[in-house]
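Colleague: Could you have a look at this structure, given as C-alpha cells, before my questions?
The values are calculated or read from the model by the stated rules, or taken from the named source; none is laboratory data. Note that the coordinates shown come from a computational prediction; the quantities given were computed from them, not determined experimentally. Neighbour counts run over all protein chains shown; Cβ positions are idealised from the backbone, glycine included. Remember, those area values only see protein heavy atoms, side chains included, never the ligands or the DNA or RNA. Shrake-Rupley method; radii C 1.70, N 1.55, O 1.52, S 1.80 Å.
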Amino acid sequence: MKTKDPFTLPAWAQVGPFAFVFGLFFIIPLAFVVMVSFWDYTEYSLVPDFTLRSYVETFEGCYDQLPGLCTILKTYVSTVKFCFLVWLFTLLIGFTIAYFLAFHVQSVTMQMTLALISTIPFWTSNVIRMISWIPLLGRNGLVNQGLIKLGVIKEPLEWLLYSDFAVVLAFVHLFTFFMVIPIFNSMARIDKRLIEAAYDAGATGWQTLWTVIIPLAKPGIVIGSIFVITIVMGDFVTVGVMGGQQIASAGKIIETRLGALQFPPAAANAVILLAVVLLIITAMNRVVDIRKEL
Amino acid sequence: MKGSALELVSVTKRYGITTAVDRIDLKVPAGTYCCLLGPSGCGKTSTLRMIAGHEAVSEGDIIIGAANVTDLPPARRGTAMMFQSYALFPHLNCIDNVAFSLRMRGVAKDVRRAKAMELLKLVAMDPYAERLPAQLSGGQQQRVALARALITEPQILLLDEPLSALDPFLRIKMRAELKAMQKQLGITFVHVTHGQDEAMALADLVVVMNQGLIEQAGSPREVFNRPRTAFVARFIGGHNVIETSAGPIAVRADRIRLSRSEGGHLRARVRDVEYQGTYVQVGLESPAARELTAQVGEAAFDAAPLNPGDEVAVSWGEADIHRLSPAA
C-alpha cells in the first residue's frame, strides 16, 4: 500500500453505509434504552429524570429473601438454565453434524446440499413451527399414542408439551443450525493431512478429536455458542408457547413491562439482560480469543 | 537409531477398477536412501502411503526388518512419515508438535518435552521451540517436521515430496540437510519425488515408476548410464531416445556430435539454441527421431556456432550407444 493515511474518501465510502445503519438502528436506540432506564414513571406518563427507581424495583426484596431467590433471580436462573441446556445440546448435535459434513462427506456439492437441508426448520414461520409440536407432543399426540400402543407407557406423558422439555426441544430444533454452520466452516479449513499426521503419531480417534480437531474448531464453536446464547437469553416467544405460558423468562419480564407501558422498568431489565449476555460472552472470550483465532 | 530393511512383495493397490500400483517387488537394504521417482499418477505416492499404513494394501505384503507389517497401523510399523507441506499442527508450538506422538503414548510432560528439545537441537531449531508453525519459514518448518517424525525413533522415515513446498534455492539447501541427516542417523529413508535431479542428488537407490510399475531400480549412476526403457531414458533426462533398425537406443545429450558436414547418423534442423553457461543446449528436429537435444561445450560451440534453421549432421560414437529394451 502506498498510502499511509487510512482516512481516505474510498475508505469512508466503504465503511460509511454500514456505520450509518449500525449507528442509527443500534447505537442510538441502545443509548435511548439506557437513558430511559433511569427515568421516572407514573401510571400514565414518563418523567425524564435520573433515578435508580426501575433498577431498585426490579431487585426489590432480593436481599431480604436471601438465601431464597426473589422473582428476578429465579427468572434469570431459569433462563440461564435453558440457555445452558440448549447450548449443550446444540453444541453436541451441531458438532457431530459438522464433523460428519466436514470429514465423512467427500464431495463439496453434497456438503452444501446437506448444510442447506439443515436450514429447513427456517422455511416455516416460528409460530406455525411451534404449533405443529402440539399434535406431536400433546396429551393425545402422536408420540403419546404411539408409546401407549407399543405398550411402553400406560398413561400419556404429561411432560412432553408445555414443559421445560418442550422449551429445550423447540430451541434445539431451531438453533442447532447456528452451531452447525460456523463449526463446519472451521472444520472445513482443517488440513486433512493433520489428521493423518495424528494417526501416524499413534493417536486414536478420540485423541485426534481432543488434541487436533476440537482445538482447531474452537473459533467456530465460540461463534456458534454466541449465536445460540444471545438468542436464547432474549427469547420469550418460544419459552411462552412451548412452556404453556407457565415459565418465566428474562425476555418475558421486559415484554410484560412494555405491555403495561412501563418503559423505564422495561428498559432497566433490557440493560440487565444485555449486561448478563455480555458477561457470558466475555467469559467465553477468555477461553478462546476469537479475534486472535480468526 | 537403527535402520531396517524394507521389502515389498507383489504389492498391489486398486481403487475400484483402476490399478494404481501393480504387483511391485522392491528390496531396500537397511540404511539406504531410496527415492521413488516418477511422473504424477505413476503410483509412487500410493506406494509410500501403503508403506506408511495410511493406505490399505489390496494384495501383497510389506515387510520391515523381520516383521510383516501389512496389516499394522502406522504407529506400530516402526515407520514415521514426513508429510507434503509438513502438516505441522498449527495450534501447537514447535516443541509440542515434536512431542505430539509421545503425548499420545501418555509420556509425562517434562519427559516428552525434554526429548522433543533434544530433537529440536538435532535439527538446530531449539531457539524456536516456543514458536507456532505459522511463524516459521518453509525450511524451518521442514526441520520441525523432521524432528517430529524422528521422535519415535523410526527405523524407516517416509518422506512425501518433502521439498516441493520450498523455493528452488532453499530446496537445494534443504536437500543437502536431508542427505546429511540420513547419513548421520543411518536409518532408511524412502523419499517420493517427481524431480529427477532431486533423486539423483539424494538417492543410493533410485526407483523409477510409471503407470503403477517399477520401470527400473538401481543406483543413480546405473539408472542414468544404463536406462532400461525408453521411458526411463526420457524421464531421467539428458538422453535422446532414437529409433534405429536394431531397436530403440539411448544416447546421452552430451555425447551427441553436431557438424555442418555431410554424413552422420542423422540429418536434423536446429530448432533452438539455449546458452546454459558451461554448455549450450541445441534443440533439433529430425524426421527420424522427433526431437533431439545436444549439449555442446561452450568452447566447441563457439568454434562452430549454430543458428536456428541450420541443417546439421548428427552423429555419436559406437561406445555411447545404449540399447533399450523394446517394451514400454
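Colleague: Rounded, prolate or oblate: which fits the protein assembly as shown, taking a ≥ b ≥ c as square roots of the Cα gyration tensor eigenvalues, rounded meaning a/c under 1.5, else prolate when a/b beats b/c?
Modeller: prolate
Colleague: Turning to a different aspect of this structure: If you look for lysine pairs in region A:69-293 that are eight or more places apart or on different chains, how many of them have Cα atoms under 26 Å apart?
Modeller: Step by step, the pairs that qualify in region A:69-293 add up to 6.
Colleague: For region A:64-157, rounded, prolate or oblate, judged on the Cα gyration tensor with a ≥ b ≥ c (square roots of eigenvalues), a/c < 1.5 rounded, else prolate if a/b > b/c?
Modeller: Because a/c hits 1.5 or more and a/b fails to exceed b/c, region A:64-157 counts as oblate.
Colleague: Given contacts defined as C-alpha pairs under 8 Å and at least six residues apart, what's the relative contact order of region B:245-328, whole-number percent?
Modeller: 44
Colleague: Let me check something: with ligands and nucleic acids excluded, how do B:THR79, B:THR293 order by accessible area (1.4 Å probe), largest to smallest?
Modeller: Descending order: B:THR293, B:THR79.
Colleague: Shifting gears a bit: Give the long-range amide H neighbours of B:GLN216: residues separated by 5 or more places, or on another chain, with amide H under 5 Å away, using H modelled in the peptide plane at 1.01 Å from N.
Modeller: Residues meeting the amide H criterion: B:VAL208.
Colleague: Then there is this: Working from the alpha-carbon coordinates of chain A, get Rg over Rh, Rh being the Kirkwood radius.
Modeller: So for chain A, dividing Rg by the Kirkwood Rh gives 1.04.
Colleague: Mind checking which aspartates and glutamates have their C-alpha under 19 Å from B:LYS121, skipping anything on the same chain fewer than 8 residues away?
Modeller: Answer for B:LYS121, where 19 Å is the Cα cut-off: B:ASP96, B:ASP110, B:GLU130, B:GLU153, B:GLU177, listed by chain and number.
Colleague: Beta carbons within 10 angstrom, averaged per residue: use that to sort the peptides A:241-251, A:124-134, highest first.
Modeller: A:241-251, A:124-134
Colleague: Please list A:PHE84, B:PHE169 from largest to smallest accessible area, probe radius 1.4 Å, with all protein chains kept in place.
Modeller: Reading off the accessible areas and sorting them downward yields B:PHE169, A:PHE84.
Colleague: Quick one: helix B:109-122 against the long Cα principal axis of chain B, what's the angle to the nearest 10°, folded into 0 to 90?
Modeller: Tilt of helix B:109-122: around 20 degrees.
Colleague: Short version: which residues of region B:76-119 lose at least 40 Å² of accessible area, all chains versus chain alone, 1.4 Å probe?
Modeller: Buried-area filter returns B:PHE83, B:ALA87, B:PHE89, B:HIS91, B:PHE100, B:MET104.
Colleague: If you don't mind, another one. Consider just the alpha-carbon atoms of region B:124-205 and return their Rg together with their Dmax, both in angstrom.
Modeller: Over region B:124-205's Cα set, Rg and Dmax evaluate to 12.7, 38 Å.
Colleague: Moving on. Ordering B:LYS109, B:LYS27 by accessible area with a probe of 1.4 Å, largest first, what comes out?
Modeller: Output order, biggest surface exposure first: B:LYS27, B:LYS109.
Colleague: Can you give the calculated 222 nm mean residue ellipticity of chain B, where each DSSP H run of n ≥ 4 adds -39,500 (n - 2.57) and the sum is split over every residue, rounded to the nearest 500 deg cm²/dmol?
Modeller: -7500 deg cm²/dmol
Colleague: Using a 1.4 Å probe and ignoring any ligands, DNA or RNA, find the accessible area of A:GLU60 and quote it in Å² to the nearest 10.
Modeller: 130
Colleague: In terms of modelled amide H atoms, which long-range or inter-chain residues lie less than 5 Å from the amide H of B:GLU59?
Modeller: Long-range HN contacts for B:GLU59: B:THR12.
Colleague: Gaussian network model of chain B, Cα springs within a sub-10 Å range: biggest mean-square fluctuation belongs to which of B:ALA129, B:ALA75, B:ALA300?
Modeller: B:ALA300
Colleague: Just grab the label-to-label distance for A:VAL276 and B:ALA180, each label 7 Å out from Cα along the Cβ direction, in nm (one decimal).
Modeller: Simple spin-label model gives 6.5 nm for this pair.
Colleague: Cα to Cα, under 16 Å, and not fewer than 8 places away if on the same chain: which aspartates and glutamates meet these conditions relative to B:LYS179?
Modeller: B:ASP160, B:GLU161, B:ASP197, B:GLU198, B:ASP204
Colleague: While we're looking at this one, here's another question. Could you let me know the centre-to-centre spacing of region A:157-184 and region B:95-131, using Cα atoms, in angstrom?
Modeller: About 44 Å separates the Cα centre of region A:157-184 from the one of region B:95-131.
Colleague: At 7 Å along Cα-to-Cβ for each site, give me the label-to-label distance between A:VAL47 and B:ALA30 in nm.
Modeller: Going from the A:VAL47 label point to the B:ALA30 one covers 9.6 nm.
Colleague: Contact order normalised by length for region A:69-293, with contacts defined as Cα pairs under 8 Å and 6 or more residues apart; what percent is it?
Modeller: The value is 26 percent.
Colleague: Run the numbers on region A:125-231 and let me know its relative contact order in percent, using alpha-carbon pairs under 8 Å that are six or more apart.
Modeller: It comes to 24 percent, rounded to a whole number.
Colleague: For region A:204-210, in order, what is each residue's ³J(HN,Hα) by Karplus, 6.51 cos²θ - 1.76 cosθ + 1.60 with θ = phi - 60°, in whole Hz (x at glycine and Pro)?
Modeller: 7, x, 5, 5, 5, 4, 6
Colleague: Give me the distance between the Cα centres of region A:198-242 and region B:158-226, rounded to whole Å.
Modeller: Spelled out, the Cα-based centre of one part sits 44 Å from the other.
Colleague: Distance in nm between label sites at A:VAL288 and B:ARG271, each 7 Å beyond Cα in the beta-carbon direction?
Modeller: 5.6
Colleague: In addition: Amide H to amide H, which residues 5 or more places from B:TYR33 or on other chains are under 5 Å from it, using H placed in the peptide plane?
Modeller: It is B:PHE189, B:ASP204, B:LEU205, by chain and number.
Colleague: Among the aspartates and glutamates, which fall within straight-line cross-link reach of B:LYS13, defined as a Cα-Cα distance under 15 Å, with same-chain neighbours fewer than 8 residues apart omitted?
Modeller: Correct list for B:LYS13: B:ASP22, B:ASP25, B:GLU55, B:GLU59, B:ASP61, B:ASP71.
Colleague: Using θ = phi - 60° and the Karplus form 6.51 cos²θ - 1.76 cosθ + 1.60, what ³J(HN,Hα) does each residue of region A:149-157 get, whole Hz, x for Gly and Pro?
Modeller: 4, 6, x, 6, 10, 9, 9, x, 6
Colleague: Hey, another quick one. Which shape class applies to region B:45-172: rounded if a/c is under 1.5, otherwise prolate when a/b exceeds b/c and oblate if not, where a ≥ b ≥ c are the square roots of the Cα gyration tensor eigenvalues?
Modeller: oblate
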